[in-house]
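The values are calculated or read from the model by the stated rules, or taken from the named source; none is laboratory data. Keep in mind that what you see is a predicted model, and the values were worked out from it rather than measured. Positions of Cβ are generated from backbone atoms using ideal geometry, with glycine treated the same way; all protein chains shown enter the neighbour counts. Calculation scope for accessible area: heavy atoms of the full protein, side chains included, ligands and nucleic acids excluded. Shrake-Rupley method; radii C 1.70, N 1.55, O 1.52, S 1.80 Å.
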Amino acid sequence: MAFNIAIDGPAGAGKSTIAKLVAKELSYIYVDTGAMYRAMALYFLRAGIAAGDKEKITAACGKITVTLSNEGGEQQVFLNGENVNGFIRTEEVGKMTSAVSIYAPVREKLTQLQREMARTTDLIMDGRDIGTCVLPQAQVKIYLTASVETRGRRRFLELQEKGTDCSLEEICEDIKKRDYRDMTREISPLKQAKDAILVDSSEMSIDEVVAKILEIVRDAT
Ligand code: DC
């Protein structure tokens with residue numbers, strides 16, 4: 001049976017940074033499920049479908065194929081055969097993703113794909129519902145979080161580095177809104193699984209979080 005590590009948590013908690021490093025240490029595949037939801041959101045944006053148009057979104061789901069590949073440890077996401085890694089990290093796509101990931105047809109499509117990958121492959125998968133819904137049998141479950149202020153500051157510095165003009169207050173407000181939407185949606189809301197271990201990274205360095213998770217994995221094997 002494959003060994004699965006599930007990492008869930010809110011936006012900006014550092015899940016992908018940490019999961020990538022842990023995957024490298026363990027020689028596991030890293031699966032970023034947020035990128036899969038982002039690829040679907042990109043399709044809806046490009047097709048001019050509004051986030052509130054459940055009917056059109058449901059119909060469009062049948063026309064979408066999302067696939068992943070791993071190149072040099074970096075996950076590549078393909079939308080109907082096109083590599084869309086370069087298009088899915090914008091604020092616009094992020095907001096759309098949070099808004100359309102409430103719909104069952106969107107979630108069912110990706111959940112199925114994620115379970116198939118985890119059945120045969122040792123992997124570390126991050127998202128919002130991995131420990132609670134996608135892989136309830138995962139051998140290790142982590143709920144990685146940090147305060148809104150810490151997450152806002154990290155995002156602010158990231159955007160500043162890219163030369164994007166932004167305000168810390170607005171970023172924190174956006175984070176709160178996204179948390180609220182992700183945590184209160186009807187299907188697979190973000191929450192800590194009963195058997196997940198809570199790691200709060202507010203006062204921890206990246207190295208400390210990676211070491212903590214590796215220790216949890218060691219204890220489970
Ligand atoms: O992790 P991220 O910021 O790339 O995720 C973008 C959005 O996708 C997030 O607001 C909620 C949604 N998402 C989800 O609903 N379920 C997942 N497993 C992963 C992401």
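Details
- Residue that is touching a helix residue (DSSP H, G or I) at 6+ places or on another chain (Cβ under 8 Å) and either within 16 Å of the ligand (Cβ to nearest atom) or under 23 Å from A99 (Cα atoms) (or both), where the choices are L214, L159: L159
- The residues on offer are D182, D126, and the sole one that is at pLDDT 95 or above, closer than 14 Å to A11 by Cα, among the charged types (D, E, K, R) and within 11 Å of the ligand (Cβ to nearest atom) is D126.
- Of all residues in the stretch 67-102, exactly one satisfies the criterion of being under 27 Å from E186 (Cβ atoms), over 15 Å from the mean Cα position of the chain (by Cα) and open to solvent by less than 60 Å² (accessible area, probe 1.4 Å), namely L79.
- In the stretch 195-221, residue nearest to R128 (Cα to Cα) [restricted to those that are open to solvent by less than 80 Å² (accessible area, probe 1.4 Å) and of a type in the set (S, T, N, Q)]: S201
- Among the residues of the stretch 103-113, those that are under 15 Å from the mean Cα position of the chain (by Cα) and either open to solvent by 10 Å² or more (accessible area, probe 1.4 Å) or near the ligand (Cβ under 8 Å from one of its atoms) (or both) comprise R107, L110, T111, L113.
- Any hit, the stretch 95-102, residues being assigned to a helix (DSSP H, G or I), away from the ligand (no atom under 16 Å from the Cβ) and of a type outside the set (A, V, I, L, M, F, W, C): no
- Check on S16, closer than 18 Å to L190 by Cβ and out of contact with any Leu (no Cβ under 6 Å at 6 or more places or on another chain): yes
- I57 open to solvent by less than 10 Å² (accessible area, probe 1.4 Å), over 29 Å from V22 (Cα atoms), away from the ligand (no atom under 12 Å from the Cβ) and more than 16 Å from the chain's Cα centre (by Cα): yes
- Single residue of the stretch 27-37 satisfying the filter (touching a Leu at 6+ places or on another chain (Cβ under 8 Å) and open to solvent by 10 Å² or more (accessible area, probe 1.4 Å)) that is farthest from the ligand (Cβ to nearest atom): Y28
- Taking first residues from the stretch 89-115 that are without any contact (Cβ under 8 Å) to a residue 60 or more places away in the chain and closer than 17 Å to Q75 by Cβ and partners that are within 8 Å of the ligand (Cβ to nearest atom) and open to solvent by 10 Å² or more (accessible area, probe 1.4 Å), the Cβ contacts under 6 Å between residues at least 6 apart in sequence or on separate chains come to V93/R38.
- From the list I49, I18, the lone residue that is of a type in the set (A, V, I, L, M, F, W, C) and in contact with a strand residue (DSSP E or B) (Cβ under 8 Å, 6 or more places away or on another chain) is I18.
- Those residues of the stretch 168-202 which are more than 24 Å from T90 (Cα to Cα) and without any contact (Cβ under 8 Å) to a residue 40 or more places away in the chain, in sequence order: K194
- Filter pass, S188 being under 24 Å from N4 (Cα atoms), away from the ligand (no atom under 11 Å from the Cβ), at pLDDT 90 or above and hydroxyl-bearing (S, T, Y): no
- Considering the conditions (1) open to solvent by 20 Å² or more (accessible area, probe 1.4 Å); (2) at negative phi; (3) not polar (S, T, N, Q), G48 is excluded by exactly one of them, (2).
- Cβ-Cβ under 6 Å pairs, at least 6 apart or on other chains, the stretch 40-65 side in contact (Cβ under 8 Å) with a residue 12 or more places away in the chain and polar (S, T, N, Q), far side part of a loop (DSSP other than H, G, I, E, B) and surrounded by fewer than 13 Cβ atoms within 10 Å (Cβ to Cβ): T65/N80
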